[in-house]
Amino acid sequence: MSVNHFDHGWLGISGRTFVVTGAGSGIGNAIAGALISAGASVAMLDRNTQGCEALLSGVDSATRALVLECDIGNEDSVVQCVAAVEEAFGSIDGLVNCAGMLRAASIKDVKLDEWEAVLRTNLTGYMLCSRSFARLMAARGGAMVHIASVAAHHPQTHSGAYSASKAGISLLSRQIAVEYGEQGVRSNVICPGMIRTALSEPFYQHPGIKERREAMTASRRIGVPDDIANAAVFLLSPRASYINGAEFSVDGGMEAMLMDLIPRPGFTAA
């Protein structure tokens, strides 16, 4: 996983402290790495602690970092992690909700326990972490970034509760922005488009899939985790101090392509 190298002075991230859930792999791992690169202290939460430890093996040993095993859908697990973060760092400056899961199934076939498992992690888990870690921001405010998906805007069929959970994140974030705004806490959402991670890698092993997917984006490329990390670090920084209750699609212009994907003989390029 590559680590971005930000202008520490411009961002104002150096010396601040953040919590990142789902930091063991993919987008969460890239966000944690980018924050560390920018000079921040980071608490990395995941059920996959090995991925978190692997990231730390490649950074300065003086970096203030904490790795905690956490099931964000379990309130007791979250409460224990909050206590550990408070003991290690005192207060924090921001939270990134990135942990997530997907269970493939159509609406007519999805089992209730699998539907509820996805909602418990992707939505209830975000709520539990947000309200629990907000307490550690109360003294000086802070910022939250919640990773949703463009599937929040369009039904991703045969994916069980995934789209519904991601759509819920968007409204949850706005509710947090309104309820916690007067305490100086900001809350914003990033909706990634097609990002190439270990989870989606099997798709690209099929001939022609990469090219077909690239053609569906205005930028004509598939995103990488650092593309989301760049946006997240900015939203966490003081440079985004007046951005609150907002939602950003970071998808290479995929959603802008809808009308261009409709065949229009005589208008659409071959």
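The values are calculated or read from the model by the stated rules, or taken from the named source; none is laboratory data. It should be emphasised that the depicted structure is a prediction, and the values quoted were computed from it without experimental measurement. No Cβ is skipped: glycine too gets one built from the backbone with ideal geometry, and neighbour counts run over all protein chains shown.
Miscellaneous remarks
- Some residue of the stretch 125-139 being assigned to a helix (DSSP H, G or I), at pLDDT 95 or above and in contact with a Gly (Cβ under 6 Å, 6 or more places away or on another chain): yes
- The condition (being touching a Gly at 6+ places or on another chain (Cβ under 6 Å) and within 23 Å of Gly15 (Cα to Cα)) is satisfied by just one residue among Ser187, Ser237, Ser241, Ser219: Ser237.
- Qualifying residue in the stretch 204-222 (condition: surrounded by fewer than 17 Cβ atoms within 10 Å (Cβ to Cβ), assigned to a helix (DSSP H, G or I), in contact with a Lys or Arg (Cβ under 6 Å, 6 or more places away or on another chain) and among the charged types (D, E, K, R)): yes
- Among the candidates Ala148, Ala161, residue that is modelled with pLDDT under 95 and within 18 Å of the chain's Cα centre (by Cα): Ala161
- Scope the stretch 172-190; condition in contact (Cβ under 8 Å) with a residue 60 or more places away in the chain and part of a helix (DSSP H, G or I); matching residues: Ser173, Arg174, Ala177, Val178, Gly181
- The number of residues in the stretch 180-193 being surrounded by fewer than 18 Cβ atoms within 10 Å (Cβ to Cβ) and in contact with a helix residue (DSSP H, G or I) (Cβ under 9 Å, 6 or more places away or on another chain) comes to 1.
- Residue count for the stretch 201-219 satisfying the condition of being closer than 21 Å to Leu258 by Cβ and either free of Cβ contacts under 8 Å to residues at least 12 places away in the same chain or of a type in the set (A, V, I, L, M, F, W, C) (or both): 8.
- Residues that are within 21 Å of Ala246 (Cβ to Cβ), over 18 Å from the mean Cα position of the chain (by Cα) and of a type in the set (A, V, I, L, M), drawn from the stretch 175-217: Val178
- Residue list for the stretch 158-171, filter: farther than 12 Å from Leu119 by Cβ and not in a loop (DSSP other than H, G, I, E, B): Ser159, Ser170, Leu171
- Scanning the stretch 246-270 for residues being surrounded by fewer than 16 Cβ atoms within 10 Å (Cβ to Cβ) and either on the phi > 0 side of the Ramachandran plot or hydroxyl-bearing (Ser, Thr, Tyr) (or both) gives a total of 3.
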